[in-house]
Amino acid sequence: MTIAATPSFVFHRIAGRELPAVSRAVGAVVWDTAGRRYLDGSGGAVVVNIGHGREEVAAAMARQAADAAYVHGTHFTSEVLEEYARRLAVHAPGDCRRLYLLSGGSEATETAVKLARAYHLARGEKGRHKVIGRSVGYHGNTLGTLGLSGRPTLQAPYEPMLRASPRAAAPFCYHCPLDREYPACEVACADDLEAVIAREGPETISAFVAEPVLGASAGAAVPPDEYTRHVRETCRRHGVLYIDDEVMTGFGRTGRWFGIEWSGVAPDIVTCGKGMSGGYAPVGAVLTTDAIVEAVEGAGGFVHGFTFSHHPVTAAACLATLEILERERLVERAATVGARALARLQELRAHPEVGDVRGRGLLMAVELVADGRTRRPFPRAERRAEAVAARAFAEGLIVYASAGCATGTEGDVIMLAPPLVATDDEIEEMVAILDRVLS
Ligand code: PLP
């Protein structure tokens, strides 16, 4: 049965399009209620790291729901949450081993930003309230997190309501915001953070937020190796907290537990979501250091929290997900399978409209351009990324389309981020379908 067959009372995300209804999903494959098979080439929105249909995750959630589905985070802790935090601490970047569990990535960003402010207040630095984002960049869809993001098309309708935050140039070499060429640029985008801090006044800056690999806003753009080390050092020098946004890159997606590990630097606060539960429960989280928690608690505690923070069933889903990631060595698998997949995807450069193929681990993207030599994007009115994604969907391949990486509104990207369990054959089939669609 499709939505078309019965009147729907759901306010769907996309208007004017009939959505098939999902029936079941296993590994990297989804079936709709009409029996059609789809390869999940993007894990939905880069979520399904451990693969669909994991009965042990469902069983762990059901057990916890039957035992104690909900308690408020100010009344109780739970054994499952404590156990999860202990197990996750082993993999956490740097010293960020203290877990604040939430229900989504945007909540995680909001929490990180408030935590940074609480930390500075606790230390008597009352002037520090600004958070520097990057252009381009994405940290969420609430009013607060949109203000931090560099996504003009998502921001435009709400512009008068957004609190604009200072933005530094993103390390996005294919469309360098500073119009420079790597390596001759000597990573000028990293120096740009220094310039923004100086312009705004270091004593007003609370934090800098950055994705270790740019996600949907740029399509899996990997920064030059030295960039992250450089901006980390700039933050340290100015007493600015470094918020590492791992909502898309965390939990193995780039071939490391967290994307920032590739650069070897330690952040102050980490935001998580998506692959943390593999999609089995709506999730987000903040990880931070003992030093930050102790400073905030020493000054009276963190004035924050949501009804569903620290949720036991969410913790059960995340713990079962973590056990699968560890036992099946899926993080390591993302690195090896990802390297092969990216090499295969590079062959799509033979299509004149493929301008770039990039990524790290199993976070990959193909950028479509009107002119490969000048990297000129297609006019937005053509909605190329959406058209290619729709054709792929019709051929049984789910990809994640994104627009705006080149000029803010223009720049078409097709993201591929299959479950970390996808087989080489499945990835081959995904690339073959995309190849056909681009032809
Ligand atoms: N940060 C990054 C890097 C993301 O990719 C996203 C979502 O795509 C978010 C934050 C927001 O997460 P959510 O959609 O779960 O609120």
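A few comments on the model shown:
- Picking from residues in the stretch 173-184 that are in a loop (DSSP other than H, G, I, E, B) and in contact with a Pro (Cβ under 8 Å, 6 or more places away or on another chain), the one that is farthest from the ligand (Cβ to nearest atom) is P183.
- Of residues in the stretch 389-399 being touching a helix residue (DSSP H, G or I) at 6+ places or on another chain (Cβ under 6 Å) and crowded, with 21+ Cβ neighbours inside 10 Å, the one farthest from A28 (Cα to Cα): A392
- Qualifying residue in the stretch 185-207 (condition: closer than 30 Å to E297 by Cβ, part of a strand (DSSP E or B), touching a residue at least 24 places away in the same chain (Cβ under 8 Å) and within 16 Å of the ligand (Cβ to nearest atom)): yes
- Counting only strands (runs of 3 or more DSSP E) wholly contained in the stretch 210-326, the ones carrying 2 or more residues that are charged (D, E, K, R) and within 12 Å of the ligand (Cβ to nearest atom) occupy 241-245.
- The stretch 351-385, residues that are within 19 Å of the chain's Cα centre (by Cα) and at positive phi: G359, G361
- Scan of the stretch 184-221 for residues that are of a type outside the set (D, E, K, R), over 13 Å from the mean Cα position of the chain (by Cα) and under 18 Å from I243 (Cα atoms), ordered by number: C189, A190, L193, V196, I197, P202, T204, I205, S206, A207, F208
- Every residue from the stretch 97-121 that is over 16 Å from G275 (Cβ atoms), away from the ligand (no atom under 16 Å from the Cβ) and under 21 Å from the mean Cα position of the chain (by Cα): R97, R98
- Selection status of R349, closer than 30 Å to E332 by Cβ, at pLDDT 95 or above, surrounded by fewer than 21 Cβ atoms within 10 Å (Cβ to Cβ) and out of contact with any Gly (no Cβ under 6 Å at 6 or more places or on another chain): yes
- Pairs linking a residue in the stretch 415-439 that is of a type in the set (D, E) to a residue that is modelled with pLDDT under 95, with Cβ atoms under 9 Å and 6 or more positions apart or on different chains, do not occur.
- Those residues of the stretch 246-293 which are crowded, with 24+ Cβ neighbours inside 10 Å and of a type in the set (F, W, Y), in sequence order: F251, F258
- Qualifying residue in the stretch 157-166 (condition: touching a Gly at 6+ places or on another chain (Cβ under 7 Å), of a type in the set (K, R) and within 14 Å of the ligand (Cβ to nearest atom)): no
- Qualifying residue in the stretch 62-80 (condition: of a type outside the set (G, A, S), in contact (Cβ under 8 Å) with a residue 24 or more places away in the chain, farther than 30 Å from S217 by Cβ and surrounded by 22 or more Cβ atoms within 10 Å (Cβ to Cβ)): yes
- Options G278, G284, G300, G359: the member that is among the small types (G, A, S) and more than 30 Å from D412 (Cβ to Cβ): G300
The values are calculated or read from the model by the stated rules, or taken from the named source; none is laboratory data. Only a predicted model underlies this, so the values are computations on that prediction, with no experimental measurement involved. Glycine also receives a Cβ, built like all others from the backbone with ideal geometry; neighbour counts cover every protein chain displayed.
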